[in-house]
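The structure appears right after this line, and notes come after that.
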Ligand code: BGC
């Protein structure tokens with residue numbers, strides 16, 4: 001067991017040179033955003049991944065709160081956990097890798113049980129994005145996905161802008177346009193441990209999610225279509241509750257997910273401007289993370305599939321439930337669920353969402 005002190009001691013940045021490589025005919029690199037209070041976010045153009053995220057704890061020590069690796073080679077060797085990455089063209093699952101749009105059925109690669117997950121076998125997480133440093137706080141990433149790539153129709157041009165502010169927030173603005181009707185659901189897959197990456201369980205973290213309902217799933221984690229009330233279930237996070245308290249509760253949905261791996265229906269639906277939808281706090285470090293988004297949903301994934309086989313930046317193994325993700329999104333399998341908010345994007349329209357992670361201490 002490491003405590004927050006040793007987690008803090010490991011809070012240094014990976015070396016840029018270990019992210020500079022020729023890949024798919026492009027050059028990858030590492031970009032560092034830093035604000036006046038020393039909050040530092042390192043991002044690689046490979047997958048647009050957040051590699052490190054250093055924030056102060058209640059004693060002013062810098063803690064790296066996100067899981068990841070020290071080199072591009074390690075990311076190339078393990079793409080399955082989606083550490084810190086941008087996810088597309090469609091984040092989360094599409095049932096049996098099939099959907100029908102305007103009367104035409106499209107077939108996607110199956111890479112998660114019987115389903116297609118996170119954009120297929122080589123999603124946006126495994127692509128080299130074109131990076132442009134706008135200033136020392138702002139990084140713009142662009143990826144052009146060809147018509148038919150991973151089975152999706154339409155050439156999709158996606159731009160993601162990461163902006164770090166002096167209020168210790170990282171804003172992620174996503175935009176996309178297409179030349180044919182398609183489906184889009186973009187997110188970031190950062191894994192957080194507010195005691196420091198590699199520092200053990202997140203069971204003590206207190207989580208609030210502003211959602212009266214969630215989308216129950218079948219045993220392959222595809223939504224049934226129902227929007228079920230959280231009231232009286234282990235999914236009621238409307239008041240801050242330790243993540244570990246009900247993670248093994250005797251509830252069929254907890255069994256399907258092997259713990260928490262569910263989409264929450266955020267109160268207020270999709271919004272024009274981001275509003276706060278979740279807060280997580282660590283009693284140990286006093287680090288508080290607020291999540292704001294324009295999206296109608298968030299996948300709360302409790303790190304159930306981490307199994308200790310991967311060693312992260314600090315050299316410590318990433319054990320089961322030693323991190324959590326809050327992936328802001330449209331609901332899983334929306335292309336097959338007429339009752340869910342639409343993920344269809346048509347030529348002439350611009351896909352536009354914003355998510356903000358803000359850190360403070362208490
Ligand atoms: C999914 C999990 C999956 C993880 C890593 C999450 O978005 O919901 O089931 O294991 O991503 O792929």
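Does a label point 7 Å from the Cα of residue 349, set along Cα-to-beta-carbon, have any residues of the stretch 264-279 with amide nitrogen under 16 Å, and which are they?
Only 270-272 fall inside the zone, counting backbone N under 16 Å.
Just for the Cα atoms in the stretch 45-176, what are the lengths along the principal axes, largest first, rounded to whole Å?
Its Cα atoms span 56, 30, 26 Å along the three principal axes.
Applying a 10 Å radius around every beta-carbon, put 246-254, 94-102 in order of their mean neighbour count, most first.
Working: 246-254: 14.9, 94-102: 17.9.
In decreasing order of mean packing, 246-254, 94-102 become 94-102, 246-254.
Given 4 °C and 1.567 mPa s, how large is the Stokes-Einstein diffusion coefficient of the chain in µm²/s, with Rh as the Kirkwood radius over Cα pairs? Mind showing how you got there, number by number?
Numbers: Rh = 20.2 Å.
Translational D for this selection: 64 µm²/s.
Let's test the formula: R0 of 30 Å, r as the Cβ-Cβ distance of residue 16 and residue 311. What FRET efficiency results, to the nearest 0.05?
Working: r = 21 Å, r/R0 = 0.70.
The calculated FRET efficiency here is 0.90.
Quick one: pull the percentage of alpha-carbon pairs in the stretch 260-357 with a separation above 22 Å.
Details: 2046 of 4753 pairs.
The share of Cα pairs beyond 22 Å in the stretch 260-357 comes to 43 percent.
What order, most packed first, do the peptides 309-319, 54-64 have when packing is the mean number of other Cβ atoms within 10 Å of each residue?
Details: 309-319: 17.4, 54-64: 20.2.
Top of the packing list down: 54-64, 309-319.
Taking the square root of 5 times each eigenvalue of the Cα gyration tensor, what semi-axes in Å does the equivalent ellipsoid of the stretch 55-97 have, largest first?
Working: eigenvalues 174, 50, 10 Å².
Taking √(5λ) for each eigenvalue gives 30, 16, 7 Å, largest first.
Once you sort the root eigenvalues of the Cα gyration tensor of the stretch 208-308 as a ≥ b ≥ c, which label holds: rounded (a/c under 1.5), prolate (a/b larger than b/c) or oblate (the other case)? Present the calculation step by step, with values, prior to reporting the outcome.
Working: a/c = 1.68, a/b = 1.09, b/c = 1.54.
Because a/c hits 1.5 or more and a/b fails to exceed b/c, the stretch 208-308 counts as oblate.
For residue 239 and residue 255 in one chain, what is 0.36 nm times their gap in residues minus the Cα-Cα distance, to one decimal in nm? Could the numbers behind the result be given before it?
On the way: separation 16, 0.36 × 16 = 5.76 nm, distance 2.28 nm.
Taking 0.36 nm per residue and subtracting the Cα distance, the gain is 3.5 nm.
How many angstrom lie between the C-alpha centres of the stretch 265-289 and the stretch 61-139?
22 Å
How much mean residue ellipticity at 222 nm does the chain get from its helices, if each DSSP H run of length 4 or more adds -39500 (n - 2.57) and you divide by all residues, to the nearest 500 deg cm²/dmol?
Values: 3 runs with 18 residues, N = 362.
Taking each H run of at least 4 residues, the total per residue is -1000 deg cm²/dmol.
Just the number, please: Stokes-Einstein D of the stretch 162-243 in µm²/s, Kirkwood Rh from C-alpha pairs, 20 °C, 1.002 mPa s. Could you put the intermediate results ahead of the total?
Values: Rh = 16.6 Å.
Rounded, D is 129 µm²/s.
How much length is gained if the chain between residue 212 and residue 147 is pulled fully straight, taking 0.36 nm per residue apart and subtracting their Cα-Cα distance, in nm to one decimal? It would help to have the intermediate numbers written out before the result.
Numbers: separation 65, 0.36 × 65 = 23.40 nm, distance 3.81 nm.
Length gained, residue 212 through residue 147: 19.6 nm.
Which residues among the stretch 39-81 fall inside the zone where the amide N is under 19 Å from a point 7 Å beyond the Cα of residue 122, along Cα→Cβ?
Label zone hits: 45-49, 72-81.
Output the relative contact order of the chain, whole-number percent, from Cα pairs under 8 angstrom with separation of 6+ residues. List each step's numbers first, then the result.
Numbers: 991 pairs, mean separation 66.6, N = 362.
Relative contact order for the chain comes out at 18 percent.
With just the Cα atoms of the stretch 104-164, tell me how far they stretch along each of the three principal axes, in Å, largest first.
If we take the Cα atoms of the stretch 104-164, the spans are 43, 24, 15 Å.
Values quoted throughout were computed directly from the atomic coordinates according to the rules given, and no laboratory measurement underlies them. From a predicted model like this one, the values you see are computed outputs, not experimental measurements. For neighbour counting, all protein chains shown are included, and Cβ atoms are generated from backbone atoms with ideal geometry for every residue, glycine included.
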